[in-house]
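Participant: Can you read through this structure? Questions will come right after.
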Amino acid sequence: MKTSMYSPKTRICITTTPLCPIASFTLCNMAQTLRNTNTKILDPFAGSCATLLAAAHITNGQCQSVGVEICHNGYVNRDHIHADFETRSLPTPFVIKGDCLDFDVRERARHEIGGDAFDTIITDPPYGIRESMASSQEEPDNTPPLTKLFRVMGEDRSKGKPLLKVGGRLAAFIPVRKGQTLADSLPPKHIQSYAGLIMEGEGKEQVLNDVLSRWLMIDLLLTSWMTGCASFSS
């Protein structure tokens with residue numbers, strides 16, 4: 001397959017930092033999106049939905065996909081996203097405008113697939129979006145978006161409403177800046193455990209420039225929430 005047919009210059013939805021198609025297809029392949037028919041896929045930081053476009057292609061349109069994007073249409077135009085799918089004869093995802101860290105938004109995402117948990121989560125988390133949207137009166141929050149996502153996934157499990165099915169996979173890119181290690185940039189182990197996730201393998205690095213790399217991380221959801229498990233304080 002020629003990924004060039006999905007390159008940013010062929011897209012109708014144009015964003016400032018589009019995910020290249022090779023990276024999108026790599027996320028989907030590593031998350032094993034083909035293992036089930038009618039796979040239910042979520043991108044909680046969807047952007048222009050490049051990941052979901054790749055997933056729709058890989059599954060021959062046999063997936064239900066939901067994207068959550070915090071930015072308004074001036075940054076990420078939902079009609080243009082749908083047009084990118086329609087012009088390629090692929091089923092359109094359901095795109096929710098909102099913050100995936102909001103429980104009501106996650107509930108709406110589950111509602112769109114019949115109230116179930118997702119089989120797969122694939123995402124390239126944003127860098128600095130929430131900080132730029134915060135008011136000047138708010139204290140800056142430097143917690144990485146993926147760490148925040150793991151935390152709310154743990155909260156959902158404690159409520160009996162998991163975002164990811166047992167045995168499901170989460171594939172995400174982790175930014176690692178010069179002077180940092182992958183271990184520095186991963187969600188802390190107690191938060192991974194709270195979310196019920198365990199990292200598979202050691203990750204794969206892609207060097208982006210002299211000061212930034214991104215690592216592909218695959219996590220497997222091992223267990224549902226067990227009664228009596230304690231939550232954690234950050």
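The values are calculated or read from the model by the stated rules, or taken from the named source; none is laboratory data. Here the structure is a predicted model, which is why all the values come from computation and not from measurement. Methodologically, a virtual Cβ is constructed for each residue, glycine included, from the backbone with ideal geometry; neighbour enumeration extends over all protein chains shown. Side chains are part of the model used for accessible areas, which takes the heavy atoms of the whole protein and leaves out ligands, DNA and RNA. Shrake-Rupley method; radii C 1.70, N 1.55, O 1.52, S 1.80 Å.
Participant: Using Cα pairs under 8 angstrom and six or more residues apart, how large is the relative contact order of segment 2-82, in percent?
Facilitator: Across segment 2-82, relative contact order equals 33 percent.
Participant: Same structure again: For the pairs 97/178; 165/189; 9/189, note any where the Cα-Cα span goes beyond 30 Å. Present the calculation step by step, with values, prior to reporting the outcome.
Facilitator: Numbers: 97/178 33 Å; 165/189 20 Å; 9/189 39 Å.
The pairs that break the limit, which is 30 Å between Cα atoms, are 97/178; 9/189.
Participant: If you don't mind, another one. Just the Kirkwood number for segment 17-128, please: inverse of mean 1/r across all distinct Cα pairs, in Å, one decimal.
Facilitator: Across segment 17-128, the inverse of the average 1/r is 13.8 Å.
Participant: Using the charge dipole of the chain (Lys, Arg: +1 at Cβ; Asp, Glu: -1 at Cβ; taken about the Cα centre), state which of 216, 61, 46 has its Cα farthest towards the positive end.
Facilitator: Of 216, 61, 46, it is 61.
Participant: Just how large is the dipole of segment 1-99 about the Cα centre, in debye to the nearest 20, putting +1 at every Lys and Arg Cβ and -1 at every Asp and Glu Cβ?
Facilitator: 240
Participant: Restricting to bridges with both residues inside the chain, how much of the DSSP beta-bridge set is antiparallel, in percent to the nearest 5?
Facilitator: Of those bridges, close to 50 percent are antiparallel.
Participant: I would also like to ask the following. Taking the Cα centre of the chain as origin, sum charge times position over the Cβ atoms of Lys and Arg (+1) and Asp and Glu (-1), and report the length of that vector in debye to the nearest 20.
Facilitator: 480
Participant: Can you give the calculated 222 nm mean residue ellipticity of the chain, where each DSSP H run of n ≥ 4 adds -39,500 (n - 2.57) and the sum is split over every residue, rounded to the nearest 500 deg cm²/dmol?
Facilitator: -7500 deg cm²/dmol
Participant: Oh, and also: Keeping all protein chains in place, calculate the accessible area per residue for segment 49-198 (probe 1.4 angstrom), answer in Å².
Facilitator: That works out to 45 Å² for each residue.
Participant: Before anything else, pin down the relative contact order of the chain: Cα pairs under 8 Å, at least 6 apart, normalised by residue count, whole percent.
Facilitator: Working: 409 pairs, mean separation 39.8, N = 234.
Relative contact order here is 17 percent.
Participant: Note the full-extension length gain between residue 80 and residue 17 as 0.36 nm times their separation in residues minus their Cα-Cα distance, in nm to one decimal.
Facilitator: So the chain would gain 21.1 nm between residue 80 and residue 17.
Participant: Any chance you could run the full-extension gain for residue 71 through residue 141? It's 0.36 nm times the residue separation minus the Cα-Cα distance, nm to one decimal.
Facilitator: Using 0.36 nm per residue and subtracting the Cα-Cα distance, I get 23.4 nm.
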